[in-house]
Amino acid sequence: MGKIHNILTKSALLLCIIALTSGMCACTESVPDDTVPIETLDNGEVLFIIEDESTPETTVPAEEPKDGVFEMSIAGDYIIYDSIYGYTNMLANGEGHDFKPIVRNLRKFTKDCDVNYYNQETVLAGDELPLSSYPLFVSPTEAGDAMLDVGYNLVSTATNHSLDGGEDGVLAECKYWKKNNDKAFMTGTFTSQQERDEVHILECNGITYSMLDYTYATNGIPLPEGKEYLVNVWPTDFDINDPETDKEYQAYKKQVKKDIEAVRDKVDFLIVCMHGGVEYADDESEYQRDMAKFLADNGVDLVIGTHPHAIQPAEYIGDTLVYYSLGNLLCAQTQDMYYKKVTSILATMTIRKTVDNGETKVKIENVKNHLMFSYYNPATWSDYCIVSFEDPLIKTLVPDYKDIYQVYSEQFLKRDDKITIEPCC
């Protein structure tokens, strides 16, 4: 503890001593034994130092930023058709639904990661609403339970199917995720404007991060008037496919920018999920490219694209890593010639923060992109499972797996030579 030094003259000290005897001095003790003369003035006065042990007011310094690192995985659209929940009901012997056998192979990728993301395409509201399938999806909550069990803890829910169960569906799904908020963070759909505007700061291994989520539309179902907060909609008009002239789309950029600015300087790492694009298209649309550039220009670190139900290219825009479309992680869509609708990319990566002379930098390192297959028996619409092209099981499930791997490797890698994909088995 530092000491406060009070300098008094000899005459002042004498006055203080006299005052003490009369009970009038503000000092609480006489001249201390440890007073030390430090200077004699020309007029004969002597200066003394009185040591004061009282504690001065102090300000606790802010904690210095530290290096940090965490491992992350990201996966695509998780879509629950009636044939899937019929199969999971059978696995559960008619008592609820058992999705765990379908997703168990994902543990290979999640078990060594701290943060695991996926897109919940369909509404998990089966606890409160009747189950339904295409074109309006309401899914069993056990589908979410299985993903939590396998390690997923970061979830986006703003999709074109967010309103398939109406407002009640949104509220029911939000209720489900709030019940599990100790296991996962969900964003994209909300129960109030206040909830929608809340800034969420997450932390992992010394790195703070957050995620924002937007969809291009809600399946032709309008948001209830005055309750636009239910789903984050960044509107796009694919018939025009010209973001420059789309006034509604451009106007919403102000909201996205506001959302980013509310959190950007509070976190080390920022993720934005954008649910949009042309279904089954091999390449990103003009809207997707414009969105990605806008997000990169506003300091977003990772952009995760979903919705097209097909693998689209990935690329870096500056330091921002952009996935235009990861494809379908799980679905029951047609297995066409090249299995377009049942293949996806699952990526793992290292998020590293370094602090040097007070300057903090965050980098995405060690990116590994894995080609995945959503298998089912087309004769019986059963035996659903998700398997990697790196797994020897793929040889049995997809006899022409090498050709399929080649097709989607070329498709995924064509934008950026810094992007790689893991080899098949």
* Structure fact -> Expressed in nanometres to one decimal, the distance between label points 7 Å along Cα→Cβ at K361 and W381 is 5.4 nm
* **Proximal lysines relative to K395, as straight alpha-carbon distance under 28 Å, when same-chain residues fewer than 8 apart are discounted** => K100, K108, K111, K340, K341, K368, K414
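K66 to D168: FRET efficiency via 1/(1 + (r/R0)^6), r the Cβ-Cβ distance, R0 51 Å, to the nearest 0.05? Walk me through the numbers on the way to the answer.
On the way: r = 45 Å, r/R0 = 0.89.
Taking R0 as 51 Å, the efficiency between K66 and D168 is 0.65.
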* State the answer as a single residue: which of T343, C385, A262 lies farthest towards the positive end of the charge dipole of segment 68-413, with beta carbon charges of +1 for Lys and Arg and -1 for Asp and Glu, about the Cα centre. => C385
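Does segment 221-320 come out rounded, prolate or oblate, given a ≥ b ≥ c as the square roots of the eigenvalues of its C-alpha gyration tensor, rounded meaning a/c under 1.5 and, failing that, prolate meaning a/b above b/c? Can you show the working numbers first?
Working: a/c = 1.60, a/b = 1.04, b/c = 1.54.
In terms of gyration-tensor shape, oblate.
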* Fraction of antiparallel bridges per DSSP, the chain only, in percent to nearest 5 -> 60 percent
* **Backbone N within segment 292-316 under 16 Å of label point (7 Å from S83 Cα along the Cβ vector)** => none
* What is the log10 of I(q)/I(0) for segment 365-413, computed with the Debye formula using one identical point scatterer on each Cα and no solvent, at q = 0.30, 0.31, 0.32 Å⁻¹? -> -1.19, -1.22, -1.25
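Express in nm, to one decimal, how much length is gained between E248 and K266 on full extension, taking 0.36 nm for each residue of separation and deducting their alpha carbon distance. Could the numbers behind the result be given before it?
On the way: separation 18, 0.36 × 18 = 6.48 nm, distance 2.90 nm.
Gain in length upon complete extension: 3.6 nm.
When the Cα atoms of segment 61-128 are enclosed in a convex hull and the volume is divided per residue, what value in Å³ results? Can you show the working numbers first?
On the way: hull volume 10.7 nm³, N = 68.
Considering the Cα atoms of segment 61-128, their hull volume per residue is 157 Å³.
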* Asked: Taking the Cα-to-Cβ direction at L148 and at E286 and moving 7 Å from each Cα, how far apart do the two end points lie in nm?
  -> 4.4 nm
* Structure fact -> Going residue by residue through segment 129-144, the Karplus relation 6.51 cos²θ - 1.76 cosθ + 1.60 with θ = phi - 60° gives ³J(HN,Hα) values, rounded to whole Hz and with x marking Gly or Pro, of 10, x, 5, 8, 10, 3, x, 10, 9, 10, 10, x, 5, 4, 4, x
* To do: Report the FRET efficiency, 1/(1 + (r/R0)^6), for K258 and L202, where r is their Cβ-Cβ distance and R0 is 25 Å, rounded to 0.05.
  => 0.80
* Asked: Taking the C-alpha atoms of segment 67-206, how large are the radius of gyration and the largest Cα-Cα span, Dmax, in Å?
  -> 15.2, 50
* Nearest 10 degrees, 0 to 90: what angle lies between the long axis of helix 247-263 and the longest principal axis of the chain (Cα atoms)? -> 40 degrees
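Under a Cβ-only charge scheme (Lys and Arg +1, Asp and Glu -1), can you give me the dipole magnitude of the chain about the Cα centre, in debye to the nearest 20?
On the way: 35 positive and 71 negative charges, 195 e Å.
Its charge dipole is roughly 940 debye.
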* Asked: With no solvent and one point per C-alpha, what does the Debye sum give as log10 I(q)/I(0) for the chain at q = 0.12, 0.14 Å⁻¹?
  -> -0.95, -1.30
* Structure fact -> Hydrodynamic radius by Kirkwood for segment 290-419, inverse mean 1/r across distinct Cα pairs, in Å, is 16.2 Å
* What dipole magnitude, in Debye to the nearest 20, does segment 246-382 give about its Cα centre under +1 on Lys/Arg Cβ and -1 on Asp/Glu Cβ? -> 300 debye
* Structure fact -> Rounded to two decimals, the Debye log10 I(q)/I(0) of segment 386-425 (Cα scatterers, no solvent) at q = 0.28 Å⁻¹ is -0.95
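Coordinate-derived values only; no laboratory data. For clarity, every value in this text was computed on a predicted model and none was experimentally measured. Glycine gets a Cβ as well: all are built from the backbone with ideal geometry, and neighbour counts include every protein chain shown.
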